[in-house]
1. Among the residues of the range 118-136, is any among the aliphatic types (A, V, I, L, M) and surrounded by fewer than 17 Cβ atoms within 10 Å (Cβ to Cβ)?
2. Please identify the pairs in which a residue from the range 112-129 that is over 18 Å from Gly90 (Cβ atoms) and of a type outside the set (Lys, Arg) has its Cβ atom under 7 Å from the Cβ atom of a residue that is at pLDDT 90 or above and not in a strand (DSSP E or B), counting only partners at least 6 apart or on another chain.
3. Considering only residues that are in a helix (DSSP H, G or I) and at pLDDT below 95, which ones fall in the range 61-87?
4. Look through the range 2-36, keep the residues that are assigned to a loop (DSSP other than H, G, I, E, B) and at pLDDT 95 or above, and return whichever of them is farthest from Gly100 (Cα to Cα).
5. For residues that are hydrophobic (A, V, I, L, M, F, W, C) and within 20 Å of Arg11 (Cα to Cα), tally how many sit in the range 60-104.
6. Do any residues in the range 1-20 that are touching a residue at least 60 places away in the same chain (Cβ under 8 Å) have Cβ atoms under 6 Å from those of residues that are buried (at least 17 other Cβ atoms within 10 Å of the Cβ) and in a loop (DSSP other than H, G, I, E, B), where the two are at least six apart or on different chains, and which pairs are they?
7. Could you tell me whether the range 103-115 includes any residue that is among the polar types (S, T, N, Q), over 20 Å from Leu4 (Cβ atoms) and outside any loop (DSSP other than H, G, I, E, B)?
8. Taking Lys95, is it under 17 Å from Ser3 (Cα atoms), charged (D, E, K, R), touching a strand residue (DSSP E or B) at 6+ places or on another chain (Cβ under 6 Å) and modelled with pLDDT of 95 or more?
Amino acid sequence: MNSLTLHNAKRQGASNKEERHYLDFIVSGQSLLKILGIESYDVITPFGWGIDKEYERQLLKEITLRNKPSLETGRIMLYICPECGDIDCGAITAKIEDLGNKIVWKDFGYETGYSGVTEEYSNIEPIEFERHDYFKAFSKL
């Protein structure tokens, strides 16, 4: 099983983009961005950057399986546009399953609100987390 923690991260600002401080997903010591091979993508998690606290709460309920996914595909946004968080700009999504003693992230992909999943990361194996540790990682939010 993998461990999951949330760690402070920063997206560098520039003339046409805001600097963002956010909480990144660290899976067994490594950023999920690196695991997915998308470190160069301009995306951040929905957590910790505070642009819209209600939006953040909604996505937290989805990722902790208290609410059904809001996306028509049944997937959950893990990384979003760092400017607005809108699915139409594109997001890294996955299916999240509760298998009793473990939570599984699988079927990672790039998705937009108007085209659905346009890129699948089929070379990435499902990531399994021990149930208690998974929910503990999000308890501080």
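The values are calculated or read from the model by the stated rules, or taken from the named source; none is laboratory data. Worth saying up front: this structure is predicted, and the values here are computed from it rather than measured. A quick note on method: Cβ atoms are made from the backbone with ideal geometry, for glycine too, and the neighbour counts reach across all protein chains shown. The area values use the complete protein model at the heavy-atom level, side chains included, leaving out ligands, DNA and RNA. Shrake-Rupley method; radii C 1.70, N 1.55, O 1.52, S 1.80 Å.
1. No.
2. Glu128/Met1; Phe129/Met1
3. The one that is in a helix (DSSP H, G or I) and at pLDDT below 95: Ile87.
4. Gly29
5. So the count comes out to 9.
6. Arg11/Pro82; Arg20/Trp49; Arg20/Pro82
7. Scanning the range 103-115 turns up at least one residue that is among the polar types (S, T, N, Q), over 20 Å from Leu4 (Cβ atoms) and outside any loop (DSSP other than H, G, I, E, B).
8. Judged against the criteria, Lys95 is not a match.
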